[in-house]
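Structure, as structure tokens:
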Amino acid sequence: MKIGIVGVGTVGRSVVEILQENKEIISARAGVEITPVIGVARDIESKKDLDILLTTSIDELLDSDIDVVVELMGGVEKPYEIVTKALERGKSVVTANKALLAYHRYELQTKAGELGFGFEASVAGGIPIIKSLREGLSANHIESIVGIMNGTCNFILTKMMSEGAEFAPTLKEAQELGYAEADPTFDIGGFDAAHKLLILASIAYGIDAKPEDILIEGIESITSDDISFAKEFGYSIKLLTIAKKVGDKVELRVHPALIKNEKMIAKVDGVMNAVSVYGDKVGETMYYGPGAGGNATASAVVADLIDIARNGKNAQTSPMLGFTKPLEKNLSLANKGDVETKYYIRMNVKDETGVLATVAKILGDKDISIETFLQSPHTKKDNITTILLSTHSCQEVKVMEAFDEIEQLSISQGRPSMIRIE
Ligand SMILES: NC(=O)c1ccc[n+]([C@@H]2O[C@H](COP(=O)([O-])OP(=O)(O)OC[C@H]3O[C@@H](n4cnc5c(N)ncnc54)[C@H](OP(=O)(O)O)[C@@H]3O)[C@@H](O)[C@H]2O)c1
């Protein structure tokens with residue numbers, strides 16, 4: 001089986017190397033040899049050490065005698081165009097591109113038809129979560145998926161927790177170590193994790209949502225006060241991707257969350273990824289591993305190639321997004337504000353007597369009861385103090401209404417902020 005790689009960068013290079021270095025075991029497993037024959041990049045001079053034909057022309061690759069196009073260039077519309085052309089020419093496709101799938105997975109499923117379309121590497125890199133969810137857990141109603149699916153955020157939050165450091169210097173350190181991009185917005189803003197969540201939500205629930213339809217919050221506003229509160233009350237702070245079935249609705253959200261330290265997912269540190277899937281029959285299953293990196297991601301890409309090689313020309317043996325026909329009783333996406341959980345709240349106020357009573361009354365009037373309270377251990381200037389508290393379970397809309405009122409108080413120094421407690 002001959003393959004062409006559009007984008008011989010970090011992952012593309014590893015795909016070529018794995019196919020060459022593990023050639024014997026791969027062909028024994030696939031039943032045929034899988035040979036990378038052509039690769040596309042903008043700068044091909046720097047890739048001359050690779051033992052494949054290199055070109056800057058995507059058309060040359062598409063016109064060549066290859067069976068599978070592996071898309072590893074990134075982006076949304078350009079790869080969509082390339083992958084569409086490949087499918088129209090009867091070539092199977094493998095991609096690691098979550099952004100492409102976050103926007104175009106349903107059109108691509110239709111276009112692929114019987115052709116192979118592998119995208120295991122698009123969610124949690126080297127962890128075979130797509131296959132686990134689509135094949136291994138297909139007997140179950142999926143009650144929830146909770147994941148740590150962005151290594152950059154997890155690295156930063158782990159460092160902030162262990163060192164009590166602030167966000168900005170920790171991000172800078174992550175950039176220096178190569179764990180964060182020069183423009184980190186996509187990772188730290190939660191968008192990368194959201195793209196992955198949308199892919200899993202399709203397979204688990206048949207939900208066709210776009211990034212703009214779901215709640216996405218990043219980790220930029222986490223402070224050392226939040227870290228102090230988490231430590232005091234036995235929590236970790238993680239950027240979580242959450243899909244939760246509530247009746248006939250599904251909540252899809254990405255945001256930082258406080259999780260009790262004894263939970264398994266709270267122990268996932270550094271750049272590692274983990275996904276916990278709760279099925280109604282199987283109970284909780286958990287997957288842990290490297291969510292990024294050339295070799296780890298290429299491991300999943302090559303596994304998809306092996307599947308395609310095993311299955312022949314009409315390679316798509318299971319439906320790409322997990323459903324052969326629509327559910328009779330469709331699940332729909334919950335509204336962004338319909339979350340009900342416990343909250344941790346931080347607010348800066350003037351350090352005056354009666355402040356806490358005033359705040360507690362506003363919360364109480366909205367049926368929000370306080371569970372724990374802490375005064376910030378960090379010194380503030382100009383008679384300003386920071387109140388840190390957590391609530392019992394309540395509706396998010398009520399929390400927002402309470403914030404509107406607190407913000408208007410003369411003692412208040414801006415709008416309070418919150419982190420959900422999972
Ligand atoms: N890196 C990871 O750990 C990881 C993990 C999971 C998923 N992914 C996904 O895998 C994909 C590739 O990621 P990567 O980290 O390998 O990216 P990368 O290192 O930036 O590689 C991208 C490659 O595509 C080429 N390219 C980009 N635009 C092009 C164009 N217009 N024409 C021709 N070639 C073009 C680049 O050429 P030049 O080299 O000449 O610039 C480069 O070789 C992305 O969709 C990413 O989200 C990556």
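Points worth noting:
- For the range 78-95, residues that are away from the ligand (no atom under 11 Å from the Cβ) and not aliphatic (A, V, I, L, M) total 8.
- When 369, 376 are checked against the criterion of being in contact with an Asp or Glu (Cβ under 7 Å, 6 or more places away or on another chain) and touching a residue at least 24 places away in the same chain (Cβ under 8 Å), 376 stands alone in meeting it.
- The set of residues in the range 1-31 that are buried (at least 16 other Cβ atoms within 10 Å of the Cβ), among the β-branched types (Val, Ile, Thr) and either away from the ligand (no atom under 16 Å from the Cβ) or outside any helix (DSSP H, G or I) (or both) comprises 3, 5, 6, 8, 26.
- Residues satisfying the stated conditions in the range 346-363, i.e. exposed (fewer than 13 other Cβ atoms within 10 Å of the Cβ) and of a type in the set (Gly, Ala, Ser): 354, 357
- Identity of the residue in the range 113-135, at pLDDT 95 or above and charged (D, E, K, R), that ends up surrounded by the fewest Cβ atoms within 10 Å (Cβ to Cβ): 135
- Test: residue in the range 299-312 that is charged (D, E, K, R), within 30 Å of residue 29 (Cα to Cα) and either surrounded by fewer than 16 Cβ atoms within 10 Å (Cβ to Cβ) or free of Cβ contacts under 8 Å to residues at least 40 places away in the same chain (or both): yes
- Applying a threshold of 8 Å to beta carbon distances and a minimum spacing of six or more residues, or different chains, the list of pairs starting in the range 1-25 at a residue that is under 15 Å from residue 125 (Cβ atoms) and ending at one that is among the hydroxyl-bearing types (Ser, Thr, Tyr) reads 10/297; 11/297; 14/297; 18/299.
- For the range 96-111, residues that are within 13 Å of the ligand (Cβ to nearest atom) and either in contact with a Cys (Cβ under 8 Å, 6 or more places away or on another chain) or in contact (Cβ under 8 Å) with a residue 40 or more places away in the chain (or both) total 6.
- If the condition is being in contact with a strand residue (DSSP E or B) (Cβ under 7 Å, 6 or more places away or on another chain) and either more than 22 Å from residue 224 (Cβ to Cβ) or of a type in the set (Lys, Arg) (or both), then the range 339-369 contributes 339, 340, 341, 342, 346, 350, 360, 363, 367, 368, 369.
- Condition check for residue 244: touching a residue at least 60 places away in the same chain (Cβ under 8 Å) and either surrounded by fewer than 19 Cβ atoms within 10 Å (Cβ to Cβ) or of a type in the set (Lys, Arg) (or both): yes
The values are calculated or read from the model by the stated rules, or taken from the named source; none is laboratory data. All values derive from a computational prediction rather than experimental measurement. Neighbour counts are summed over all protein chains in view; Cβ atoms, including those assigned to glycine, are modelled from backbone coordinates with ideal geometry.
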